[in-house]
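To start, the structure under review is shown below, and the notes come after it.
Bear in mind these aren't lab numbers, they're just calculated from the coordinates by the rules spelled out. In this text the structure is predicted, and so the values were computed from the model without any measurement. Cβ placement follows ideal geometry from the backbone for every residue including glycine, while neighbour counts extend to all protein chains displayed.
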Amino acid sequence: MSQAHNDPTPMNILLLGPPGSGKGTQAERLIEKYGFTHLATGDMLRAEVREDTELGRMAHEIMAQGKLVHDEIINQMIRNHIARVVQAGGRAMLDGYPRTLGQLEFLLNCMSDLGSELHAVFFLDVSRETLLERMLGRMICRNCGAVYHQRNKPPRNDMTCDICQGDVERRVDDTKEKIEQRLITYSEQTEPILGALESSGLLYRIQADRDAPEVFAEICRELDRIAVAGKA
Ligand code: AMP
């Protein structure tokens, strides 16, 4: 799916937003257009759970409760991934990380230690009603993480991924009760990141209640503007 972009200019971005705001969907499109390496902590943790590693066993219960895995564990898990991308001159797109002020601080230090920086943060702003509708119909590919929706975007072939032919399934934490808990966790622990980034000049608020192609077009406009302005 990911078609490497020819432009080697470094560009490191964050996708921020509540669960169900469309980060995964936008990530798929952005990878294809800009050649980002997708670093999604939720996907990494689900892989650990599937492989029944020590980390997976520890994270499983916390994820099932809609709570957050401890900062120290997440920071250690993501650090090498970020370093690998940045040191290879690639473009990192972080999705679902950072989720706390502590993780944000760690990330900014990590980037600076690597002699790099963040170029933009896209906050996908979505009403609660839309979030619930999206998550209650959401399905993902077990293998590549591609996102589908029961009604709006079902896989072409039953429960088989259009992209990698992996199994498509519902997420165990996409039930009404767990979604409610995840939204509480988001507003208590993740939302403060927006305030912390307000004066950084990096934050782009995107009205993301709209269809995915419209949201994507707006993110692309901003990214292209940033590249032209020489910020990236
Ligand atoms: P996601 O796929 O991004 O919605 O993440 C699924 C679950 O994994 C979350 O509800 C958390 O339990 C856990 N998780 C993912 N990313 C993080 C993170 N950056 N910090 C702590 N927990 C995380």
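The figures follow:
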item: Share of Cα-Cα pairs in the chain lying beyond 22 Å, as whole percent; result: 52
item: Residue-by-residue Karplus 3J(HN,Hα) for segment 59-75, coefficients 6.51, -1.76, 1.60, Hz, glycine and proline x; result: 6, 3, 5, 5, 5, 5, 8, x, 9, 9, 5, 4, 3, 4, 5, 5, 4
item: Dipole of the chain [Lys/Arg +1, Asp/Glu -1 at C-beta], most positive-end residue of S200, L107, F36; result: F36
item: Translational D in µm²/s for segment 61-186 (Stokes-Einstein at 37 °C, 0.692 mPa s, Kirkwood Rh from C-alpha pairs); result: 196
item: Residue-averaged 222 nm ellipticity for the chain, from DSSP H runs of 4+ at -39500 (n - 2.57), nearest 500; result: -14000 deg cm²/dmol
item: Segment 3-69 and segment 75-120: distance between their alpha carbon centers, rounded to Å; result: 13
item: Prolate/oblate/rounded label for segment 144-232 (Cα gyration tensor, a/c 1.5); result: oblate
item: When the convex hull of its Cα atoms is projected in every direction, mean area for segment 1-96 (nm²); result: 6.5
item: Among Q103, Q76, Q181: highest mean-square fluctuation, GNM of the chain, C-alpha pairs under 10 Å; result: Q76
item: Lysine-lysine proximity count for the chain, Cα under 20 Å, sequence distance 8 or more or distinct chains; result: 8
item: Fraction of antiparallel bridges per DSSP, the chain only, in percent to nearest 5; result: 30
item: Of R134, R151, R57, the one that fluctuates the most in a GNM where the chain has Cα springs shorter than 10 Å; result: R151
item: Three-way shape call for segment 189-232 based on the alpha-carbon gyration tensor, with the a/c threshold at 1.5; result: oblate
item: Distant alpha-carbon pairs in segment 80-133 (separation over 16 angstrom), percent; result: 49
item: Charge dipole magnitude, Cβ of K and R +1, D and E -1 - segment 115-179, Cα centre, debye nearest 20; result: 200
item: Residue-span extension gain [E72 to V172] - 0.36 nm each, minus C-alpha spacing; result: 33.6 nm
